[in-house]
Amino acid sequence: MTKAGVLAGIRVLDFGRYIAGPYCAALLGDMGAEVIRIEKREGSEDRFVQPIVPHAGAGEGGEGAMYLQMNRNKQGLTLDPMTPAGREVVKRLVATADVVVANLPPSTLKQMGLDYDSLSAIRPGIILTTVSAFGHGGPYSERTGFDGVAQSMVGAAYLTGEPGEPVKSYAPWVDFGTASLSAFGTMAALMERSRSGKGQQVEGSLLSTALAYFNFHLIEQDLRQTNRVAIGNRSPYAGPADIVRTRDGWILVQVIGAPLFRRWAKLMGEDHWLTDPRFADDISRGDNGKILSERTAQWAAGKGTDEALALLEKARIPAGPIYTPQQALDDPHIAAMNYLRPLDFPGLPGPAQIMETPIRLSQSPGEIRHRAPLLGEHTDEILSALGYSEAEIAALRASGTV
């Protein structure tokens, strides 16, 4: 029997789009909060990113992979909050809510009545979790931006890839990091409210997350003026740490610290390198990493991936295979850990493999209870609970408000 989550009884209004706001709300929902996703009547643009059935509509498989992941454990409400009737719906919703999540610029929040002063006037003690590209207060506050913009502006894209060809990470780590940190901040604000009774604003931003995750590289640049450039997959800080080719694939090998280097040298038959000044410490090994990568590549070239990984594991050297997405889906450890939860959704050719809550609590774990909502699936139910009659709901539909 499913236990009540740690956030049972908490209502979250999710005005988010794409990843940072919606995944924050999804994590809160995993922990038991009741989450209502509010989107445009025709479906917000993030509903259709990476559609499973191209050119299909909502509820026909046209929903995108991003939407399916970001919006599990939510109810769906369509609403135009900029109309007078829509503003009244927002006010009634806010009066029942504990948390509002919105990734919108400050001026838009104010126009929609979602700024903290407006919200707290309706519901004292409410928590507003905002996610923006650049944060509030600086010259870029009103600018729009995505994950890749933040990756680019902290130096991450510049130092990824090959010299002269900056590369953005395919995985949107800034978005997911911002969502996770925003959920962390929201739960901290809920803890504070349980003590003081006071709400507050929780502010996440893509740029601040990217700066946090890339910070130690910036510290080095500031204090040492290293002016590093991209060097592919090789680490500038230790070695060998690189992707090398095997007879039938690719593997990543990461050697950081003297104990690992001693084990690597023994495995390679290069014990004499332990007294070579070029490899005296991590930074020296990073500076001379090309030599170490070439030796690792030479060793791996004549071996199958499984054999190479088995020998590296026996030597207790961190290494792993370079998987295609399909190989990741087929990995036996991922299956044994039950990380991916299959969820049916109307119109899809099969269940969507949704990653579970990525942190596990032994006594009160988060869980995926149900799929993402169809467009406006719970509109009537939510409005009815707010006190709207059937006739009033029909009038809202006729006016284009919901």
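Bear in mind that the values in this text are calculations on the coordinates, not laboratory data. Keep in mind it's a predicted model, so treat the numbers as computed, not measured. We place every Cβ from the backbone using ideal geometry, glycine too, and count neighbours over all the protein chains shown.
Kirkwood hydrodynamic radius (Cα pairs, Å) of the chain? Don't jump to the answer; show the numbers that get you there.
Details: mean 1/r = 0.0419 Å⁻¹.
Value: 23.9 Å, from the Cα pair sum.
Computed about the Cα centre, the dipole magnitude for the chain is approximately 680 debye when only Lys and Arg (+1) and Asp and Glu (-1) carry charge, each at its Cβ.
Go through Lys266/Lys290; Lys40/Lys198; Lys74/Lys168 and tell me which ones have a Cα-Cα distance over 25 Å in this structure. Display every interim value, and only then the final one.
Working: Lys266/Lys290 19 Å; Lys40/Lys198 31 Å; Lys74/Lys168 31 Å.
Checking Cα-Cα distances, Lys40/Lys198; Lys74/Lys168 exceed 25 Å.
Note on Gln353 and Arg87: the extension gain reaches 92.1 nm, defined as 0.36 nm multiplied by sequence separation minus the Cα-Cα distance. The residue among Asn71, Phe214, Met82 whose Cα reaches farthest toward the positive pole of the charge dipole of the chain, with charges on the beta-carbon of Lys, Arg, Asp and Glu, is Phe214.
What's the center-to-center distance, using Cα atoms, between the stretch 113-169 and the stretch 259-305 in Å? Going from one Cα centre to the other spans 41 Å. GNM on the chain, alpha-carbon springs under 10 angstrom: the most fluctuating residue among Ile256, Ile126, Ile52 is Ile256.
Here the residues Leu206, Leu260, ranked from fewest to most Cβ neighbours within 10 Å of their Cβ, fall in the order Leu260, Leu206.
Rounded to the nearest 500, what is the 222 nm mean residue ellipticity of the chain from helices alone, with -39500 (n - 2.57) per DSSP H run of 4+ residues and division by all residues? Please list the in-between numbers first.
Working: 17 runs with 157 residues, N = 402.
Rounded to the nearest 500, it is -11000 deg cm²/dmol.
Note on Lys91: aspartates and glutamates with a C-alpha under 15 Å away, same-chain residues under 8 apart excluded, are Asp14, Asp80, Asp115, Asp117. Annotation: Cα Rg of the stretch 1-109 relative to the compact-globule expectation 2.2 N^0.38 Å equals 1.10. Of the trypsin sites (Lys or Arg not before Pro) found in the stretch 341-402, those in coil by DSSP whose Cβ has at most 14 other Cβ atoms within 10 Å are Arg360, Arg369.
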